[in-house]
Amino acid sequence: SLGTELVTNGDFATDSDWTKGSNWSISSGKAIADGSSQGALTQTLATPFVGKQYLISYEISNYSSGNIRVYYGGVFTGFSTSNGIHSQTITATSTDALLQTSIGSPFNGSIDNVSVKEVLQDWTPVNANVYLLNNQLVVDDTANLGSDSRAYQTISTTSGKTYKLNFDRISTTSLFYLGVGSGNP
């Protein structure tokens with residue numbers, strides 16, 4: 001499962017939240033590169049965690065020439081040279097929070113629906129930002145995304161077998177419940 005969206009205005013609904021190189025403009029819900037130079041389109045995101053995986057995706061349209069890739073957490077995605085949705089999962093190697101396009105040859109085309117989400121390791125968030133930090137599950141409700149903030153994980157069991165569950169409650173700022181059972185999480 002995936003964490004919450006880290007990119008602000010990834011659909012380019014407004015001409016805001018992005019720093020544009022001289023070759024970029026934002027119009028009609030797209031970021032448009034005119035192919036005149038190798039300038040970057042950038043945005044500072046939440047600091048990535050080294051060793052964590054992030055899914056980076058974006059959509060190219062009106063492609064004419066050149067290539068483009070995205071950098072985040074010390075890692076570049078592969079170059080893209082065609083229209084369509086391009087996605088890649090990267091493993092962060094640094095805490096560099098800058099999301100930026102990188103161009104090997106001047107890119108002439110549009111991008112839209114830019115997204116960066118942490119790949120959660122089998123935990124599904126409900127009304128919370130959920131991530132793993134120092135091998136600890138964090139259920140963060142500081143954004144007040146709704147009532148009953150939680151994370152759940154579906155596991156397979158075999159009837160007749162005995163299972164043991166161990167956990168450490170590190171800290172909490174509100175009520176804490178641990179549920180084990182079957183049915184709707």
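Tabulated values for the structure
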quantity: Subset of the range 101-141 (residues that are open to solvent by less than 20 Å² (accessible area, probe 1.4 Å) and modelled with pLDDT under 80); calculated: Leu120, Ala128, Val130
quantity: Residues being crowded, with 18+ Cβ neighbours inside 10 Å, among the hydroxyl-bearing types (Ser, Thr, Tyr) and part of a loop (DSSP other than H, G, I, E, B) - total across the range 63-100; calculated: 1
quantity: Candidates Ile56, Ile26, Ile32, Ile60, filtered to the one that is touching a Lys or Arg at 6+ places or on another chain (Cβ under 8 Å), assigned to a strand (DSSP E or B), buried (at least 17 other Cβ atoms within 10 Å of the Cβ) and hydrophobic (A, V, I, L, M, F, W, C); calculated: Ile26
quantity: Verdict on Ile90 being over 30 Å from Leu137 (Cα atoms) and in contact with a strand residue (DSSP E or B) (Cβ under 9 Å, 6 or more places away or on another chain); calculated: no
quantity: Residue match in the range 32-39 (condition: aliphatic (A, V, I, L, M) and either under 17 Å from the mean Cα position of the chain (by Cα) or closer than 21 Å to Ala13 by Cβ (or both)); calculated: yes
quantity: Cross-chain or 6+ apart pairs with Cβ under 9 Å, the range 155-177 first and on the phi > 0 side of the Ramachandran plot and at pLDDT below 75, then in a loop (DSSP other than H, G, I, E, B) and loosely packed, with under 10 Cβ neighbours inside 10 Å; calculated: none
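The values are calculated or read from the model by the stated rules, or taken from the named source; none is laboratory data. Predicted model, so just to flag it, every value in this text is computed and none were measured. Neighbour counts run over all protein chains shown; Cβ positions are idealised from the backbone, glycine included. Note: areas computed on protein heavy atoms with side chains; ligands, DNA, RNA excluded. Shrake-Rupley method; radii C 1.70, N 1.55, O 1.52, S 1.80 Å.
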